[in-house]
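The structure appears below as structure tokens.
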Amino acid sequence: MSAPRDAANGMAVWLICCLVLTLLLTAGSLVIGTSSIETSWHWLVVPDEQSAVVLWRIRLPRTVGAWCVGALLGLCGATAQGLFRNPLAEPYLLGTASGAAFGVALSLVAVDSTIGELAWAGRLGLTGAACLGAVAATTLTIALSRGVLQTTSLLLAGIVVASVLGAATSLILLTKPEIFRAMQTFLLGSTAFLGWSSVALLATVLGICLVPALVWSRGLDALTLGEDTARSLGLSLPTLRLALLGMMSLGTATTVGQVGVVMFVGLMAPHVVRETLSVNHRQLLIAAPLCGGALLQAADLICRWIIRPAELPVGAVTACVGGTYLVLLLWRRNRDA
Amino acid sequence: MVEARTVLSCHDLTVGYGKRLVLDRVSLNFAAATWHAVVGPNGCGKSTLLRALAGLHHASAGSISLCDRPLSAWPRRARARRLAWLAQHAGVTDLTGAEVVRLGRLAHGGWLAGRQTDDDAAIRRAMMATGSWDWAERRLSSVSGGERQRIYLARALAVEAPVLLLDEPTTHLDPPHQEDVVRLLREQAHGCEVCVVSAIHDLSLALAADRLIVVGRRALIGHGTVREALAGGWLSAAFETPIDVVDYKGTHLWRPALDP
């Protein structure tokens, strides 16, 4: 059989292309920015003192951080699509984004609130509030679906939690319009505030999340044949769901806490991989993070470059690019059908 | 003739969906080296019986025993090595044929273990037996329904379990391949001493089995040899209509009662 070798070669070529693209995007991200310093390749090789500060303290952590966020979203998206056996599943499916937004809204209100009961929310900080909100929303989703036994119940509970928390956030914004601008930055996503501490956190979480994902990748393969077949193969579905939901919750909560809500990367990255490569889940869970990382780096580059010296929210760019890509995908599938 | 030992049995098994009772106090013994065909009208509970026997559907009462031990007492993976299951409808996946069949070996190596030395041989044996080796590297989404069914069947065979529970293994297959499957099930039972239990719609195919389990609406009509089933009129009782079975050169065939 030569086909496995062909498949392995195809995967290797794909990974090399993706890594080369990532390196090019990283280099591009280092020389393009909103600061007034000279933008050239020479500057990158021989930076002066001011440029070195911009390079090492702003652009490099931002670029690496954006890659980590994209990688986490790609990983969580691929996991969600495998777990729910639904190509439209995405990392925010369990209400994490709405929960994080609600947490941030509460935190913003609490910062200059006179309501004593809300003082704890202010002390959490925006990142802590976002993470707490995301984890609370996932927990609520699992509780509403009475555990993790039924995929459909989980999906429906996720939709309910997202809707209710979204409505609650809107109500907060209605009563406290002064927090609207800060909330907007969060809801549209921004990589501008990523520093080395964020990068360290994101990289650690990415490493942690990769472990259960790869361990359970063959479980996700088995799940594609149906729940009965997967169980008959000795797979414990509750354990698999708990492990992977916990991983998704940790991953998305961390990304939302660091950069806000970045739409479509988690949905798009697995699709890009599947459209360009025939993969099982183990390969997908390696390729999708690489693809997600490159996608978010590209989006970050676009948002910094397109209206220089100002910049667009990265979430707006990913939504436009991701939406367009999925429409093209739909159009192509309809045409082929 | 030495009677084959019982490897799977159920006693007073009662299964339903919510308040709807599908099987009421069914007791059966399944011997090794025997092909048991489960027949009955649509909705009588053939698939439900198989799912309950596989431990995939909760029984509201009764007990199931696998290799002299309660089914629920077996650790998940140990049970998966002894009892292989083929669903009536399996998902269409982008995995290759060989990757799907390899899933049948998971319980042998565990989720973390790498490729075992005898896995490749078992996969090849199973795919050769079902005639699906040619599609080993093709995506399941790109093969026909019949080809896919043979890959699924190979996945169940690759487990190399002493008990095979197959829900409609001949679905989507053309007549020559249905015949191949019947030959394969007989070979598994008589050559490999596997206890094969299969739900089968086609009566003529089912009549090729060693023993018939005839299920009517809610009740088990009978469990015995084909001769016992025909002599007792079990099929007519189960389908609630006369079932005409003819003997053609030693093979029992169902003859539809159509107007000339």
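Pick from B:79, B:148, B:183: which residue has the top mean-square fluctuation in a GNM of chain B where Cα pairs under 10 Å get a spring?
Maximum fluctuation in the GNM of chain B, among the listed residues, is at B:183.
With a cut-off of 8 Å between alpha carbons and a minimum separation of six or more residues, what is the relative contact order of chain B in percent?
With pairs under 8 Å counted, the relative contact order is 25 percent.
Could you line up A:221, A:228 from fewest to most neighbouring Cβ atoms inside 10 Å?
A:228, A:221
Contact order normalised by length for chain A, with contacts defined as Cα pairs under 8 Å and 6 or more residues apart; what percent is it?
It rounds to 30 percent for chain A.
Under a plain spin-label model, where a point goes 7 Å from the Cα along Cα-to-Cβ, how far apart in nm are residue A:316 and residue A:88?
Label at residue A:316, label at residue A:88, 2.7 nm between them.
Once you list every other residue whose beta carbon is under 14 Å from the beta carbon of residue B:253, what net charge do they have if Lys and Arg are +1 and Asp and Glu are -1?
-2
So how far, in whole Å, is the C-alpha centre of region A:293-318 from the one of region B:189-206?
62 Å
What's the center-to-center distance, using Cα atoms, between region A:130-186 and region A:220-252 in Å?
Measuring centre to centre over Cα atoms gives 23 Å.
Say R0 is 30 Å: what FRET efficiency, to the nearest 0.05, do residue A:16 and residue B:89 get from their beta-carbon distance?
On the way: r = 40 Å, r/R0 = 1.32.
Once rounded, the FRET efficiency stands at 0.15.
What dipole magnitude, in Debye to the nearest 20, does chain B give about its Cα centre under +1 on Lys/Arg Cβ and -1 on Asp/Glu Cβ?
With Lys and Arg at +1 and Asp and Glu at -1, about 860 debye.
Is the shape of chain A best called rounded, prolate or oblate, per the rule: a/c under 1.5 gives rounded, else a/b larger than b/c gives prolate, else oblate, with a ≥ b ≥ c the square roots of the Cα gyration tensor eigenvalues?
Since a/c reaches 1.5 but b/c is at least a/b, the shape of chain A is classed as oblate.
Taking the Cα-to-Cβ direction at residue B:121 and at residue B:76 and moving 7 Å from each Cα, how far apart do the two end points lie in nm?
Inter-label distance under the simple model: 2.9 nm.
Please work out how much length the chain gains when fully extended from residue A:9 to residue A:242, using 0.36 nm per residue of separation minus the C-alpha to C-alpha distance, in nm with one decimal. Mind dumping the intermediate values first?
Details: separation 233, 0.36 × 233 = 83.88 nm, distance 3.41 nm.
Computed gain between residue A:9 and residue A:242 is 80.5 nm.
Taking 2.2 N^0.38 Å as the expected size of a compact globular protein, what ratio does the Cα radius of gyration of region B:166-246 give against it, to two decimals?
1.11
Under 30 Å from the Cα of residue B:46, which lysines turn up, not counting those fewer than eight places away in the same chain?
B:19, B:249
In what sequence do B:50, A:277, B:165 fall when counting other Cβ within 10 Å, fewest first? Present the calculation step by step, with values, prior to reporting the outcome.
Numbers: B:50 23, A:277 18, B:165 28.
Going from least to most buried by this count: A:277, B:50, B:165.
When Lys and Arg each count +1 and Asp and Glu each count -1, what net charge do the other residues less than 13 Å away from residue A:197, Cβ to Cβ, add up to?
Charge balance in the 13 Å sphere: +2.
When Cβ neighbours within 10 Å are restricted to other protein chains, what is their mean count per residue of peptide B:148-158?
Counting Cβ atoms of other protein chains within 10 Å of each residue's Cβ and averaging gives 1.
Express as a percent, rounded to the nearest 5, the fraction of DSSP beta bridges in chain B (both residues included) that run antiparallel.
Expressed as a percentage, antiparallel bridges in chain B total about 60.
Taking H placed 1.01 Å from N in the peptide plane, check which residues at least 5 places from residue B:166 or on another chain put their amide H under 5 Å from its amide H.
B:86, B:197, B:198, B:199
For chain B, what is the calculated [θ] at 222 nm in deg cm²/dmol (nearest 500), taking -39500 (n - 2.57) for each run of four or more DSSP H residues and dividing by its residue count?
-8000 deg cm²/dmol
Measuring from a point 7 Å past the Cα of residue B:21 along Cα-to-C-beta, which residues in region B:54-78 have an amide N at less than 14 Å?
So the set is B:60-62.
Taking Cα pairs under 8 Å and at least six residues apart, what relative contact order does region B:1-104 come out at, in percent?
28 percent
Taking amide H positions as placed in the peptide plane 1.01 Å from N, state which residues far from residue B:22 in sequence (5 or more) or on other chains have amide H under 5 Å from it.
Those lying under 5 Å, H to H, from residue B:22 are B:15, B:16, B:17.
Quick check: residue separation of residue A:178 and residue A:215 times 0.36 nm, minus the Cα distance between them. What number comes out in nm?
8.7 nm
Rounded to the nearest 20 debye, what is the charge dipole size of the protein assembly as shown about its Cα centre when +1 sits on each Lys and Arg Cβ and -1 on each Asp and Glu Cβ?
Using only the charged Cβ atoms, the result is roughly 620 debye.
Measure nothing fancy, just the Cα-based angle from helix B:119-129's long axis to the longest principal axis of chain B, in degrees from 0 to 90, nearest 10.
Long axis of B:119-129 versus the principal axis of chain B: about 40 degrees.
Give me the extension gain from residue A:200 to residue A:52: residue separation times 0.36 nm, minus the current Cα-Cα distance, reported in nm with one decimal.
Full-extension gain reported as 51.3 nm.
Under the rule a/c < 1.5 gives rounded, and otherwise a/b versus b/c splits prolate from oblate, where does region A:225-279 land using the Cα gyration tensor?
Oblate shape, in that a/c is at least 1.5 and b/c is the bigger or equal ratio.
Helix-only mean residue ellipticity at 222 nm, chain A, DSSP H runs n ≥ 4 weighted -39,500 (n - 2.57), per residue, nearest 500. What is it?
Computed ellipticity for chain A at 222 nm equals -25500 deg cm²/dmol.
Just the number, please: Stokes-Einstein D of chain B in µm²/s, Kirkwood Rh from C-alpha pairs, 37 °C, 0.692 mPa s.
So the translational diffusion coefficient is about 173 µm²/s.
Identify all aspartates and glutamates with a Cα-Cα distance to residue A:176 below 13 Å; exclude those on the same chain that are fewer than 8 residues away in sequence.
Leaving aside aspartates and glutamates fewer than 8 places away in the same chain, those within reach of residue A:176 are A:112.
Using the Cα gyration tensor of region A:134-216, with a ≥ b ≥ c the square roots of its eigenvalues, what is the shape: rounded (a/c below 1.5), prolate (a/b larger than b/c) or oblate (neither)?
In terms of gyration-tensor shape, oblate.
Quick one: if the Förster radius is 51 Å, what FRET efficiency do residue B:144 and residue B:61 give, using the C-beta to C-beta distance and rounding to 0.05?
0.75
Only the coordinates and a few stated rules stand behind these numbers; no lab work does. The model shown is predicted, which means the values in this text are computed figures rather than measured ones. With ideal geometry, Cβ positions are generated from the backbone for all residues, glycine too; neighbour counts draw on all protein chains shown.
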